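The values are calculated or read from the model by the stated rules, or taken from the named source; none is laboratory data. If you're wondering where the values come from, they're calculated on a predicted model, not measured in any experiment. Using ideal geometry, Cβ is built from the backbone for each residue, glycine included, and neighbour counts are taken over all protein chains shown.
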Amino acid sequence: MIDPLATPGRLAFCGDWHMNAAWASQAIAYAAEHHADVVVHLGDYGYTFDAGFMTAVDAALDAAGIPLLFVDGNHEDFTSLLRYPIGDNGLRQLTDRVWHLPRGFRWEWAGRTYLALGGAHSVDRPWRRPGVSWWREETISPHEAAVAAQPGPADVLISHDCPAGVPIPGLDEIPGLDEIPGLDAGASSLFPPAEIAAAVAHRRVLRTVADAVQPTEIWHGHYHCRYTTTADLGYGPVRVTGLDCDGTELSRNVLVVGI
């Protein structure tokens, strides 16, 4: 019996895979080569949760002998994802080796409290089809934010979006840029102002959670940017790491660290 919440020695954090089975398999092998005991995925993991993708990922994890935990991104089929029941351990199990970390879920590894809080706003929403390529559950609701914050301090925030107040390199502080092939920061005019405003608002919602739980470490995806910085969120230094997406470089998409 696999216990996905057993304390590991080394974690492999991974950025967006967008249901890319071939890339996911390479990333898992890379994590195993670097002696990871578990993969923690930062959202935009399964998109429509295609059976072929799910089978390929499970096979790669089985070969590596490790489990995978993921927070949801903004590009996930929530209709499919939320059909999986939450088990006794507080997680949704999708396959033999893959578990979803529900929003607000907390657990402890090596004396540190981890808080999962997926979700983000899609600035390309007008070009997506509701229930097909866009789902309204993509964003963190005020209720979810309140539930996540209510238990108090957490050491590590595992999210898809990044809280307001953290500068993201190369994006000129434009939040939510993701999933448009070939897009760079200078192309922000492609997005309607209302969508940019909604993305800014979502980062502020996530910031309210960060202010309440005061993590000293934040890991996120979404922006397709590999960076590490120390941010000042008003309560002390916070180490923030963002990871790149599939199709870039494995060393930009996967980072293995000791716990």
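Residues in region 225-253 that are crowded, with 22+ Cβ neighbours inside 10 Å and part of a strand (DSSP E or B): V240, G242. Residues in region 83-130 that are in contact with a helix residue (DSSP H, G or I) (Cβ under 7 Å, 6 or more places away or on another chain) and assigned to a loop (DSSP other than H, G, I, E, B): L94, T95, D96, R97, R103, G104, G119, A120, H121, S122, V123. For region 223-253, a tally of residues being within 21 Å of A210 (Cα to Cα), free of Cβ contacts under 8 Å to residues at least 40 places away in the same chain and of a type in the set (S, T, Y) returns 3. Scanning region 45-82 for residues that are of a type in the set (F, W, Y), within 16 Å of R103 (Cα to Cα) and assigned to a helix (DSSP H, G or I) yields one hit, F78.
I'm checking my understanding of the structure. Among residues of region 1-29 that are part of a strand (DSSP E or B) and of a type in the set (A, V, I, L, M, F, W, C), which one is surrounded by the most Cβ atoms within 10 Å (Cβ to Cβ)? That would be C14. The set of residues in region 69-100 being without any contact (Cβ under 8 Å) to a residue 60 or more places away in the chain and in contact with a Leu (Cβ under 9 Å, 6 or more places away or on another chain) consists of F70, L81, Y84, G90, R92, L94, T95, V98, H100. In region 148-159, the residues that are in a loop (DSSP other than H, G, I, E, B) form Cβ pairs under 6 Å with partners that are among the basic types (K, R) and surrounded by fewer than 17 Cβ atoms within 10 Å (Cβ to Cβ), at six or more places apart or across chains, as follows: D155/R112. Taking the criterion of being farther than 18 Å from D124 by Cα and either of a type in the set (A, V, I, L, M, F, W, C) or surrounded by 23 or more Cβ atoms within 10 Å (Cβ to Cβ) (or both), the residues of region 194-224 that qualify are V205, L206, V209, A210, A212, V213, P215, I218, W219, H220. Listed by first and then second residue, the pairs with beta-carbon distance under 8 Å, at least 6 apart or on different chains, first residue in region 44-68 and at pLDDT 95 or above and surrounded by fewer than 16 Cβ atoms within 10 Å (Cβ to Cβ), second outside any helix (DSSP H, G or I) and among the basic types (K, R), are D62/R97. The set of residues in region 1-43 that are more than 17 Å from T241 (Cβ to Cβ), touching a Lys or Arg at 6+ places or on another chain (Cβ under 6 Å) and in contact (Cβ under 8 Å) with a residue 40 or more places away in the chain contains only H35.
Considering only residues in region 171-193 that are surrounded by 13 or more Cβ atoms within 10 Å (Cβ to Cβ) and closer than 20 Å to V238 by Cβ, the one that is modelled with the highest pLDDT turns out to be L171. For region 113-130, does any single residue satisfy the condition of being of a type in the set (F, W, Y) and at pLDDT below 95? Yes: region 113-130 contains one or more residues that are of a type in the set (F, W, Y) and at pLDDT below 95.
Assessment of region 76-84 against the conditions (crowded, with 23+ Cβ neighbours inside 10 Å and either closer than 25 Å to V257 by Cβ or within 18 Å of the chain's Cα centre (by Cα) (or both)) yields at least one matching residue.
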